[in-house]
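Coordinate-derived values only; no laboratory data. Keep in mind that what you see is a predicted model, and the values were worked out from it rather than measured. When we count neighbours, we look across all protein chains shown, and the Cβ atoms used for this are built from the backbone with ideal geometry, even at glycine.
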Amino acid sequence: MAIQKIYISTNLQADLESEIEGRNPGNIFILTDSTTKKLCLNQLGESILSKAKVIEIPAGDDHKNIESLASVWLYLTNNNATRKSLMINLGGGMVTDLGGFAASTFKRGMDYINIPTTLLGAVDAAVGGKTGINFNGLKNEIGVINSSKSVIIYAPFFKTLDHHNFLSGYAEMIKHGLISNQKIWDDILAFNLNNIDYDRLPYMIKESVEVKEEVVKIDPTEKGIRKALNFGHTIGHAFESYAMKQGNPALHGYAVAWGMIPELYLSFKKAGLSKDILREGVSLIKENYGSFFISCKDYDKLYELMTHDKKNEGDGRILFSLISGIGDVKININIEKQNIFESLDFYCDSVGI
Ligand code: GLY
């Protein structure tokens, strides 16, 4: 898979202009959602907006579906898009995932660029080439891995995020800290989430995105080490789906943060992670992310949800990515039901429910 060019941009319009000039596309389409259109679209600048056609889809993950995708394909067909066209995806993970898939499949593929407008999108969805839509009630069930040509990360967009959405993105940065090295983990621990230093943020984002890029470069199609990026996600996704089924959806990053607590415990129990790192990780999450309420009556349902995790191999085992230390990831670790339940007990005790 081609390497994406990543900009940590201080001048969005100039960087986008130079990307477009360098690619010389036939025609340009900007995909965005209704909310992002209001808040961010004009920041791309008149010169680009005058050359591009804007495609708008409804905001929200429930619209990351086949209907929205078909509406994008239809717009492209009706507006003479070709393989030489360029798609610019401006939005959070929902837009970059769906837009990446639309671009990758239209006439068997046109180039696309991602401009994430959420922190979560910047450090995760926009980077690494995973694209797709939800289908039949399952998240990201249909999609392809095909990288955008570039990702332009413009940190001033994240100043307007509410604190919950900021923390949702920061959860993936916590994960990147745990799977990378001591320096990045120390930076993560030292960053003050109660008084965000927006001057330092671009540096923190760069560091975090580089962790993901390094992993994706080695294993773009997730045959092996890319599964490291799923730390916290086996149980996190189960929390996320369970919250959704209860009609009380949680932000993705919050679910991952909560999921990291039992997975840190499993790392301690089964992979030799030290008690000190277990404590550091758990207190960082507990102090900032509160808790998702579960009781032991929910364990069987959560376990059932974990059996659908994409890392599993269809033989009934649940496979985790765990850490033995900072940056020391072990993948495909089968954990028995009894130990998973024990990790959920640990989660409940840790967050005090
Ligand atoms: N979100 C994890 C990955 O891109 O592999």
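If I ask for residues that are part of a helix (DSSP H, G or I) and surrounded by 19 or more Cβ atoms within 10 Å (Cβ to Cβ), which ones from the stretch 20-36 would you list?
Answer for the stretch 20-36, where residues must be part of a helix (DSSP H, G or I) and surrounded by 19 or more Cβ atoms within 10 Å (Cβ to Cβ): just Thr36.
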Worksheet entry | Selection within the stretch 207-249 - within 11 Å of the ligand (Cβ to nearest atom) and aromatic (Phe, Trp, Tyr) | Phe231
Worksheet item: Looking at Thr160, is it touching a Phe, Trp or Tyr at 6+ places or on another chain (Cβ under 8 Å) and among the polar types (S, T, N, Q)?
Response: no
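Which one of Tyr75, Tyr112 is among the hydroxyl-bearing types (Ser, Thr, Tyr), part of a strand (DSSP E or B) and under 14 Å from Ile28 (Cα atoms)? Don't jump to the end; show me each part of the working.
Values: Tyr75 fails: part of a strand (DSSP E or B).
Only one candidate qualifies: Tyr112.
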Fill in: Single condition Lys139 does not satisfy, out of (1) part of a loop (DSSP other than H, G, I, E, B); (2) surrounded by fewer than 20 Cβ atoms within 10 Å (Cβ to Cβ)
(1)
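Could you tell me whether any residue of the stretch 248-267 is in contact with a helix residue (DSSP H, G or I) (Cβ under 9 Å, 6 or more places away or on another chain) and polar (S, T, N, Q)? Reasoning before the result, please.
Narrowing the stretch 248-267 to residues in contact with a helix residue (DSSP H, G or I) (Cβ under 9 Å, 6 or more places away or on another chain): 249-267.
So of that shortlist, the ones also polar (S, T, N, Q) come out as 267.
So far as the stretch 248-267 goes, yes, one or more of its residues are in contact with a helix residue (DSSP H, G or I) (Cβ under 9 Å, 6 or more places away or on another chain) and polar (S, T, N, Q).
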Item to complete: Spot the failing condition for Gly281; the list is (1) buried (at least 24 other Cβ atoms within 10 Å of the Cβ); (2) under 20 Å from Tyr299 (Cα atoms); (3) in contact (Cβ under 8 Å) with a residue 60 or more places away in the chain; (4) away from the ligand (no atom under 11 Å from the Cβ), and only one is missed.
Response: (2)
Practice prompt. Return yes when Thr82 is among the polar types (S, T, N, Q), more than 16 Å from the ligand (Cβ to nearest atom) and not in a helix (DSSP H, G or I) and no when it is not.
Written response: yes
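Select from the stretch 189-206 the residues that are part of a helix (DSSP H, G or I) and either farther than 22 Å from Ile285 by Cα or more than 16 Å from the ligand (Cβ to nearest atom) (or both) and list them in ascending order.
Taking the stretch 189-206 as the starting set, the residues that turn out to be part of a helix (DSSP H, G or I) are 189-190, 201-206.
Of everything in the stretch 189-206, those that are part of a helix (DSSP H, G or I) and either farther than 22 Å from Ile285 by Cα or more than 16 Å from the ligand (Cβ to nearest atom) (or both) turn out to be Leu189, Ala190, Leu201, Pro202, Tyr203, Met204, Lys206.
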Worksheet item: Do we find that Lys175 is within 14 Å of the ligand (Cβ to nearest atom) and either within 25 Å of Val144 (Cβ to Cβ) or of a type in the set (D, E, K, R) (or both) in this structure?
Response: yes
Worksheet entry | Leading residue by the ranking (farthest from the ligand (Cβ to nearest atom)) among those in the stretch 104-131 that are touching a residue at least 60 places away in the same chain (Cβ under 8 Å) and out of contact with any Ser or Thr (no Cβ under 7 Å at 6 or more places or on another chain) | Asp111
Worksheet, complete the sentence: Of the residues in the stretch 70-84, those that are surrounded by 16 or more Cβ atoms within 10 Å (Cβ to Cβ) and over 28 Å from the mean Cα position of the chain (by Cα) come to Ala81
Worksheet item: If Gly272 satisfies every condition in (1) within 16 Å of the ligand (Cβ to nearest atom); (2) over 25 Å from Asn136 (Cβ atoms); (3) surrounded by fewer than 24 Cβ atoms within 10 Å (Cβ to Cβ) but one, which is the exception?
Response: (1)
Item to complete: Check every one of the helices (runs of 4 or more DSSP H) wholly within the stretch 267-353 and list those with 2 or more residues that are farther than 30 Å from Phe191 by Cβ and not β-branched (Val, Ile, Thr).
Response: 299-306, 337-351
